[in-house]
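Asks: This is the structure, below, for whatever I ask next.
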Amino acid sequence: MKISKAAAAAAVAVALSLTATACGGSADKASDGGASGGAKKDKIVIGIKYDQPGLGLKTPDGKFTGFDVDVATYVAKELGYQPDQIEFKQAVSAERENLISNGDVKLVVATYTINDKRKARVDFAGPYFLAHQDLLVRADDTSITKAEDLNKKKLCSVTGSTSAQNVKTKLAPDADLQEYPGYSECLTGLENKAVDAVTTDGSILAGYAAQEKNKGKFKLAGLKLSDEPYGIGLKKGDKELQTKVNAALKKMVEDGSWQKAVDANLGPAGYKADPAPQITEGS
């Protein structure tokens, strides 16, 4: 009888242990995004610029600000991701196609002009913004008022951008083109007179000119040298994602969030944006 009682006690202990384990398992599942908080998706990685004030900027405290950041956050929300599930990854101009093709990012929202060369490697959603190429010069420089004035002068742009080649091939073939890794380096070169002008989209240049440290140093030439439709880059052939992102962009315009983001991020720079463009990609 003693053995029988011991066996019974052991059986009860095992049963209690199994019950506790089962309960613990349920609790763990709930804490991992189960019934208690609703099922959560994994994170989404989105490529943005880190050095473009007003568009995509990583601040010293590690936060991200700018119009592209607001667009990316809105689109991610429509795809089912909360802000704390977004991982922003730096997407320099020359690496954007590689980041998408290699699967390092799901989307690129980084002043990414839609063109045929890029569409050979990646797909786009959008466009969600129409910018125009312009020039930034020193505030006291009166020698550059049109693109042709760049001939024989030192022009700075970023490696991999469309703006530099546009000037060289179409507007000022005799310009001395200097390609730097980022626009911040171009601004330093302009201030130090290592270059005579910086070219890229006016929206980008306006953001730099409006920074507190740059106020009074530079001015926009006020030229519309080209149309630059910004799109959201994504993996080639992912039509389902493209359709969802396009729907998110349409909703952003319709509910007023797009204009609010434009006013908040580009308004302080005195930049007058074109109306939201019609979405053409994927149609």
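Yes/no per residue for (1) out of contact with any helix residue (DSSP H, G or I) (no Cβ under 7 Å at 6 or more places or on another chain); (2) surrounded by fewer than 20 Cβ atoms within 10 Å (Cβ to Cβ):
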| position | (1), (2) |
| --- | --- |
| 102 | yes, yes |
| 112 | no, no |
| 121 | no, yes |
| 125 | no, no |
| 147 | no, no |
| 156 | no, no |
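Asks: Out of curiosity, is residue 279 part of a loop (DSSP other than H, G, I, E, B), open to solvent by less than 70 Å² (accessible area, probe 1.4 Å) and modelled with pLDDT of 95 or more?
Replies: So residue 279 passes the test.
Asks: Given the condition under 21 Å from residue 270 (Cα atoms), touching a helix residue (DSSP H, G or I) at 6+ places or on another chain (Cβ under 7 Å) and either at pLDDT 95 or above or of a type in the set (Gly, Ala, Ser) (or both), answer yes or no: does some residue in the stretch 79-93 qualify?
Replies: no
Asks: Can you confirm whether the stretch 109-120 contains a residue that is touching a residue at least 60 places away in the same chain (Cβ under 8 Å), in a strand (DSSP E or B) and closer than 21 Å to residue 71 by Cα? It would help to see each step written out before you state the result.
Replies: To start, the set of residues in the stretch 109-120 that are touching a residue at least 60 places away in the same chain (Cβ under 8 Å) comprises 109-114, 118.
Still in the list and also in a strand (DSSP E or B): 113.
When the remaining residues are screened for being closer than 21 Å to residue 71 by Cα, the result is 113.
Checking the stretch 109-120: at least one residue is touching a residue at least 60 places away in the same chain (Cβ under 8 Å), in a strand (DSSP E or B) and closer than 21 Å to residue 71 by Cα.
Asks: Have a look at 51, 28, 68 and point out the one that is of a type outside the set (A, V, I, L, M, F, W, C) and at pLDDT 95 or above. It would help to see each step written out before you state the result.
Replies: Values: 51 fails: at pLDDT 95 or above; 28 fails: at pLDDT 95 or above.
Going through 51, 28, 68 in turn, just one is of a type outside the set (A, V, I, L, M, F, W, C) and at pLDDT 95 or above: 68.
Asks: A further question follows. Could we say that residue 216 is at pLDDT below 90 and over 25 Å from the mean Cα position of the chain (by Cα) here?
Replies: Answer is yes for this residue.
Asks: Please state which one of 165, 211 is free of Cβ contacts under 8 Å to residues at least 12 places away in the same chain and of a type in the set (S, T, N, Q). Don't jump to the end; show me each part of the working.
Replies: Details: 211 fails: free of Cβ contacts under 8 Å to residues at least 12 places away in the same chain.
Step by step, each of 165, 211 is checked, and only 165 is free of Cβ contacts under 8 Å to residues at least 12 places away in the same chain and of a type in the set (S, T, N, Q).
Asks: Here's a follow-up. Just checking, does the stretch 240-256 include any residue being of a type in the set (Gly, Ala, Ser), over 20 Å from residue 157 (Cβ atoms) and without any contact (Cβ under 8 Å) to a residue 60 or more places away in the chain?
Replies: Yes.
The values are calculated or read from the model by the stated rules, or taken from the named source; none is laboratory data. Keep in mind the model is a prediction, meaning the values are calculated, not measured. Note: ideal-geometry Cβ built from the backbone for every residue, glycine included; neighbour counts use all protein chains shown. Just so you know, the surface numbers come from the protein's heavy atoms only, side chains and all, with ligands and any DNA or RNA stripped out. Shrake-Rupley method; radii C 1.70, N 1.55, O 1.52, S 1.80 Å.
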